[in-house]
Amino acid sequence: LIEGTERRMAEAEVNLKATYAKVEVRDNGTGLYTVDGYGLEYFRSLQAREIFMTPLIVTDLLGELDIIGNITDGPGGTSVIPRVIRQGASLCIAALFPEHFDKLRLAGLLTHDPRTRERCKINQKGARAKWIWFLKSADG
């Protein structure tokens with residue numbers, strides 16, 4: 001419970017690739033959704049907005065919760081930020097409303113994505129980029 005109010009709150013710290021986020025979900029809210037102090041209108045991509053709203057649509061809690069997300073570390077990115085905030089919000093909703101746990105699990109929103117960035121190999125420009133081989137002719 002939040003002191004002085006009758007609102008419940010859940011927090012989750014999640015990571016995806018190299019991005020770490022802290023997500024806070026508050027019960028009996030007005031539908032406020034902020035990421036690093038910006039509203040959803042800051043994210044122009046329709047796909048990003050859909051990713052943000054997925055846990056609320058699956059659980060039919062749209063407009064009833066306040067979600068506050070902060071990227072604490074990492075580069076972020078246009079697709080990683082919505083995914084990491086979505087996972088944190090899903091975990092918080094599952095903690096606040098245990099009856100929605102199965103819906104979120106079946107939708108795949110509670111599963112951690114284990115994929116990480118591939119390391120750069122020695123003497124190469126990137127993870128997969130190779131140097132150019134030149135065939136030396138016998139003429140010199």
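All of the numbers you see were taken from the coordinates with simple rules; none came from a lab. Just so it is clear, the structure is predicted and the values come from calculations on it, not from any experiment.
Side notes on the structure shown:
- If the convex hull is drawn through the Cα atoms of region 44-96, its volume per residue in Å³: 85
- Across region 125-130, computed HN-Hα scalar couplings (Karplus, 6.51 cos²θ - 1.76 cosθ + 1.60, θ = phi - 60°) run 6, x, 5, 10, 5, 10 Hz from first to last residue, x flagging Gly and Pro.
- Using alpha-carbon coordinates, inclination of helix 80-96 to the longest axis of the chain, degrees: 30
- Debye intensity ratio in log₁₀ form over the Cα atoms of the chain, taken at each q of 0.10, 0.11, 0.16, 0.19 Å⁻¹: -0.41, -0.47, -0.83, -1.09
- Summed over qualifying helices (DSSP H, 4 residues or more, each -39500 (n - 2.57)) and divided by its residue number, the chain shows a 222 nm mean residue ellipticity of -8000 deg cm²/dmol.
- 3J(HN,Hα) along region 45-57, derived from phi through the Karplus expression 6.51 cos²θ - 1.76 cosθ + 1.60 where θ = phi - 60°, amounts to 5, 5, 5, 5, 5, 5, 4, 4, 7, 3, x, 6, 6 Hz, with x in place of Gly and Pro.
- Global geometry of region 8-66, whether rounded, prolate or oblate, following the gyration tensor of its Cα atoms and the 1.5 cut on a/c: oblate
- Per-residue Karplus couplings for region 28-41, computed as 6.51 cos²θ - 1.76 cosθ + 1.60 with θ equal to phi - 60°, are listed in order as 6, x, 10, x, 5, 9, 10, 10, 6, x, 9, x, 5, 5 Hz, Gly and Pro entered as x.
- Once you reduce region 14-82 and region 90-124 to the center of their Cα atoms, the two points are 14 Å from each other.
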